[in-house]
Amino acid sequence: MSAEFRFKVVMLGDGAVGKTALTTRFTQGKFEADYKRTIGSDFAIKKLEFDDLDANVTIQVWDLAGQPRFEVVRQGFYRGARGGLLVFDVTRRRTFLNIEDWKGECFKNLGYEIPLVVVANKVDLADSRVVPTSDGSEYAKKNKSLYVESSALTGENVEDAYASLCRTMIEEALERAKGGNH
């Protein structure tokens with residue numbers, strides 16, 4: 001019988017980096033071009049199977065509003081998170097520079113660290129790209145995070161970003177379970 005896991009995941013990053021588009025692409029398999037600003041938060045659920053780990057995961061993805069004025073509203077939505085996607089837009093350098101603040105806000109509100117996947121989004125806009133792969137991968141390596149380049153528009157690596165995070169969360173949960181039996 002497969003192990004069953006439920007994980008709450010938070011989407012972190014500035015407004016308009018593609019958090020909602022990534023969540024929609026992942027949970028519904030589609031891209032919606034008409035962007036609606038997330039007010040407070042929104043969430044979606046998807047089930048994933050990991051045959052090699054003999055595990056099933058129900059992932060609850062919390063899409064948090066990226067605008068600074070929603071910081072107070074966001075605070076309560078971090079509670080219980082087991083992982084996160086730290087998203088920036090490769091065409092806007094400021095969004096990359098701000099991911100450290102997002103990581104800090106998340107860890108401060110949780111009171112503990114969670115595994116994060118650094119997601120360089122909008123790689124389909126290659127002609128407008130200003131944040132090179134090396135910057136994103138270096139940041140991820142320095143922070144012991146996974147790094148994924150994705151496009152919510154094309155679907156490139158979207159599933160991989162969430163699946164990689166789930167694998168890390170499963171491994172952590174199994175480690176905790178082992179540690180608790182001693």
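Data for the structure
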{"item": "Neighbour-count ranking [beta-carbon atoms within 10 angstrom, fewest first] of MET1, MET169, MET11", "result": "MET1, MET169, MET11"}
{"item": "Stretch gain in nm, segment GLU32-ALA177, where the contour uses 0.36 nm per residue and the Cα spacing is subtracted", "result": "48.2 nm"}
{"item": "Exceeding the 28 Å Cα-Cα cut-off - candidates LYS144/LYS178; LYS19/LYS178; LYS8/LYS108", "result": "LYS19/LYS178"}
{"item": "Backbone HN-Hα couplings from phi across the range 138-155 [Karplus 6.51/-1.76/1.60, Hz, Gly and Pro as x]", "result": "5, 4, 4, 4, 4, 9, 6, 10, 7, 10, 9, 9, 9, 9, 5, 5, 8, x"}
{"item": "Restricting the range 84-133 to GluC sites (Glu not before Pro) in coil, as DSSP defines it, with at most 13 other Cβ within 10 Å", "result": "GLU113"}
{"item": "Relative frequency of Cα-Cα separations exceeding 21 Å in the range 90-159, percent", "result": "26 percent"}
{"item": "5 angstrom amide H check on GLU156, placed H, neighbours 5+ away", "result": "SER151"}
{"item": "Computed [θ] at 222 nm, helices only, for the chain once each DSSP H run of length n ≥ 4 contributes -39500 (n - 2.57)", "result": "-10500 deg cm²/dmol"}
{"item": "Kirkwood hydrodynamic radius of the range 3-180, from inverse mean 1/r over distinct Cα pairs, in Å", "result": "16.2 Å"}
{"item": "The chain, relative contact order in percent, only Cα pairs under 8 angstrom and at least six apart counted", "result": "24 percent"}
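Bear in mind that the values in this text are calculations on the coordinates, not laboratory data. Just so it is clear, the structure is predicted and the values come from calculations on it, not from any experiment. Neighbour counts run over all protein chains shown; Cβ positions are idealised from the backbone, glycine included.
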